[in-house]
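Colleague: Here's a structure for you.
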Amino acid sequence: MKQPENVNIKFGDLINQIDSGDIKIPQFQREFVWSKTKSAELLDSILKGYPIGSFTLWKTTERLRTIRNLGGANLPDAREDHPIDYVLDGQQRMTSLYASFKGLKINKNSNVEDFEEIYIDLTVEENGQLVITDVKDRKKEEVIKLKELLYGGRKLMRIYPESLDAKLEEYKNRFITYTFSGIILKNVPIDIATEVFSRLNVGGQPLSTFEIMVAKTYDETKNFDLSIKYDEFINRVEDVGYETISASTLLQLIAVLIKKECTRKHILSLSRDEFIKIWDSAIDALEHAIDYFKSYYRIPVSKLLPYNALLIPFAYFFYHHNDRPNNTQRRYLEDFFWRTSISERYSQSLEAKVAQDIKRIDKILEEKLPNYDYEVNIEPSDIIDNGWFSTGRSFIKAILCLFTYQEPKSFLDNSKVTLDNDWLKIATSKNYHHFFPKKFLEGKKEEFYINHIANITIVDDYLNKRKIKTKDPSIYMSEFQKANRDLENTMKTHLIDLDNFGIFTDDYDTFLNKRAEAISNELKKKIIKQSLSK
């Protein structure tokens, strides 16, 4: 990387460069938040010749998504093939200066601040407050608008006494000759530029990879705005309950499709053209993966996914195989899904493991069973030992997916339990029912065994709050037997045997062990047993 270049920027040049589109504010910069009063303090420093800090600019021919209406002014596009100076540091100061010099009206939080109402006090001494915003009860000849001082001309000045001519000329000259210091980074890649931005803005929030890629991939001629495209995708998948898919998952998918790697470095190295070119195909593959998860694994909503990232290898499969998998591929994909979820594989080193798993998907595309170098523990004892119920764990989410695969029915009337993302976010949701209620088990069992995945069933909110409450299992299940003649089959959809799980004797030990065994048996149907690869 070349050393940054120190430059001096004259007042007139700064304004002209903004007006011409040669200086731009990238979209990843935060909103303009300075008040008119704070801007007046900045201008007061300039009028007194004080330094106001330097601007850091990134000069590049890259075209980023920018804030086009700087301070409310409709600015032109940059000249074609001409480098742009993107503001990395000093955006608030630069926008303040531009808004004040142009007298712009800026809408902030539904309130309009008129930056034309900034004045120079012509009566105070040099060490006083020269730039002010409150001119109530002031005589007209005592103050002058900044904009009028700069652009008014001699005709406008005639309302002021001749004794102020020298001061007016002096103040105007101070502004137009003031030199701003600048630091320019030339021709560095976007990841370096945004790293500089993040380090300069240490008090703010670091830029996300998505924010950088929104700026980098913006192309007005192709009508491509990643921010809008992502929102459109989320709006579509919201209709099928998959609206919690993160932007990072989508970026990782595109990087995997192009480079078979998905680190931040690989994502940021993607060119605008290749990103835009693959977008539609990537989204189509991702929607195929969502449809497959919903139909084949019966995962009704995205919040139940053990990992968002599981969509990446499956979308990769559908990108290269634009059809339903055949029987062999389907069996190997099923093994891959449950193996990855139960092992909590993506809880650490996600990017590296996804890249490894893409090679396994390549094997599945060839109808070959991949080798795995990690264990999957699904014996009943493993279910019990690892069963603390927390919806943030992929192991638990995998078992919840196993429960939804059974398409659980209501204890009351055998109707289908409806799931949505709103109530699946927290373990304390009323829709996660402790089959042996906590109140019943308190004082009898440790909290670990009370709040255990083997003690969880998925029920309707109404059923949990109105019908079950804290009743003993033998009592409330006897009541449901009277209301639901098919209760025995209903309970099978919850992986519960009504007669052999100790329910009517309120035997929790039997229930816990039998339910863990039922969960284990279902997982064994899905995971292909094989020796660890060396």
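The values are calculated or read from the model by the stated rules, or taken from the named source; none is laboratory data. In this text, all values refer to a predicted model and were calculated from it rather than measured experimentally. Methodologically, a virtual Cβ is constructed for each residue, glycine included, from the backbone with ideal geometry; neighbour enumeration extends over all protein chains shown.
Colleague: Among ILE159, ILE132, which is the only one that is among the aliphatic types (A, V, I, L, M) and either touching a residue at least 24 places away in the same chain (Cβ under 8 Å) or not assigned by TED's automatic domain parsing to the domain that holds SER100 (or both)?
Modeller: Answer to the selection: ILE132.
Colleague: When you look at PRO408, is it touching a residue at least 12 places away in the same chain (Cβ under 8 Å), touching a strand residue (DSSP E or B) at 6+ places or on another chain (Cβ under 6 Å) and over 23 Å from ILE254 (Cβ atoms), yes or no?
Modeller: yes
Colleague: Shifting gears a bit: Inspect all residues belonging to region 449-460 and state whether any of them is at pLDDT 90 or above, within 18 Å of SER410 (Cβ to Cβ) and touching an Asp or Glu at 6+ places or on another chain (Cβ under 8 Å).
Modeller: No, the conditions are met nowhere in region 449-460.
Table: residues versus (1) outside the structural domain of CYS262 (by TED's automatic domain parsing); (2) among the aromatic types (Phe, Trp, Tyr); (3) touching a helix residue (DSSP H, G or I) at 6+ places or on another chain (Cβ under 7 Å).
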{"position": "TYR316", "(1), (2), (3)": "no, yes, yes"}
{"position": "HIS321", "(1), (2), (3)": "no, no, yes"}
{"position": "ARG331", "(1), (2), (3)": "no, no, no"}
{"position": "ARG339", "(1), (2), (3)": "no, no, no"}
{"position": "LYS363", "(1), (2), (3)": "no, no, no"}
{"position": "GLU367", "(1), (2), (3)": "no, no, yes"}
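Colleague: Please find, within region 490-516, the residue that is surrounded by the fewest Cβ atoms within 10 Å (Cβ to Cβ) out of those that are out of contact with any Leu (no Cβ under 9 Å at 6 or more places or on another chain), touching a residue at least 24 places away in the same chain (Cβ under 8 Å) and more than 15 Å from LEU400 (Cα to Cα).
Modeller: Only one residue tops the list, namely THR505.
Colleague: Residues that are loosely packed, with under 13 Cβ neighbours inside 10 Å: find the helices (runs of 4 or more DSSP H) completely inside region 66-175 holding 2 or more of those.
Modeller: It comes to 153-157.
Colleague: Can you name the residue in region 102-143 that is hydroxyl-bearing (Ser, Thr, Tyr) and at pLDDT 90 or above and, of all such residues, is nearest to ILE46 (Cα to Cα)?
Modeller: Per the stated criteria, the residue is TYR119.
Colleague: Can I ask one more? State all residues of region 177-209 that are modelled with pLDDT of 90 or more and in a helix (DSSP H, G or I); if no residue qualifies, say none.
Modeller: Scanning region 177-209 gives a single hit, THR177.
Colleague: Which of the residues that make up region 299-317 are among the aromatic types (Phe, Trp, Tyr) and buried (at least 21 other Cβ atoms within 10 Å of the Cβ)?
Modeller: Passing the criteria: PHE314, TYR316, PHE317.
Colleague: Please work out which one of (1) in contact (Cβ under 8 Å) with a residue 24 or more places away in the chain; (2) over 36 Å from the mean Cα position of the chain (by Cα) is the condition THR123 fails and give its number.
Modeller: (1)
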